[in-house]
Amino acid sequence: MFGVLSTMIVASPAGATFVFYFRTFGEWSLICALDEPTGRRTCTLSAPPPEMAASRSVLSVEPDANGTFALKVRALGALTPGAPLYLRIDGNPPRRATPDRLGEAAWQAEAARELIGEITDGTTLVLRSFVGENADPRDEVVSLDGFSPALEVYREKLKDYGVITGE
């Protein structure tokens, strides 16, 4: 199931941002917006859908400086300081990252390329983070159904806006 939203206005301190493309692909959302004051167009590919982002960790695919993609996570809530964060796609080995003090972690370059390949071919992603004084593990499951077509459309949109040229 998917939805398309033609135009939505979001207020920001510097002016209005217009969402001109919104589509869901399973648990993945692709949102493109225009920042009116700067004329800059941006697109984001993330899971879960925006209405669930306040109650779950957020994964996003973002263009990197060199035209490739990075995979980023913003973990929900207060994590155990110094504890790692893991992503596991299906039966593949888990990928480790160390979140910063805000609960954000990223995989870039070759690590991101490999992870995005696994996600494209996979069915389920498990994000494990650790919370509380006892570093209790917390697992969050994300369906990868719809990720491949979402990534394809995301690449097209980013190419249209000159954000990436290859990949």
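Every number here is computed from the coordinates shown, using simple stated rules; none is lab data. This structure is a prediction, so every number in the text was calculated from the model and none was measured. In this analysis, Cβ positions are derived from the backbone assuming ideal geometry, glycine residues included, and neighbour counts consider all displayed protein chains.
Computed about its Cα centre, the charge dipole of the chain is approximately 220 debye, with only Lys, Arg, Asp and Glu carrying charge at their Cβ.
Once the cut-off is 24 Å, how many percent of the Cα-Cα pairs in the chain end up in the long-distance tail?
38
May I ask for the angle, rounded to the nearest 10°, between helix 109-121 and the longest principal axis of the chain, with both axes built from Cα atoms and the value confined to 0 to 90°? On a 0 to 90 degree scale, this one is about 90.
Pairs of alpha-carbon atoms within less than 8 angstrom and 6+ residues apart define the contacts here; what relative contact order does the chain have, in percent?
Working: 354 pairs, mean separation 32.3, N = 167.
Reported as a whole number, the value is 19 percent.
The amide H of Y21, built 1.01 Å from its N in the peptide plane, has C32 as neighbours under 5 Å, considering only residues 5 or more places off or on other chains. Each residue of region 28-43 was assigned a 3J(HN,Hα) from its phi angle through the Karplus curve 6.51 cos²θ - 1.76 cosθ + 1.60 (θ = phi - 60°); the sequence is 9, 10, 10, 10, 10, 9, 10, 7, 4, x, 9, x, 7, 9, 9, 9 Hz, with glycine and proline shown as x.
Taking the longest Cα principal axis of the chain as reference, the axis of helix 147-160 is set at about 40 degrees.
Within 10 Å of each residue's Cβ, count the other Cβ atoms and sort F18, F69 from fewest upward.
Working: F18 15, F69 25.
By the 10 Å Cβ count, ascending, the order reads F18, F69.
In order along region 67-73, phi translates into HN-Hα couplings of x, 8, 10, 10, 10, 10, 10 Hz, rounded to whole numbers, per the Karplus curve 6.51 cos²θ - 1.76 cosθ + 1.60 with θ = phi - 60° and x for Gly and Pro.
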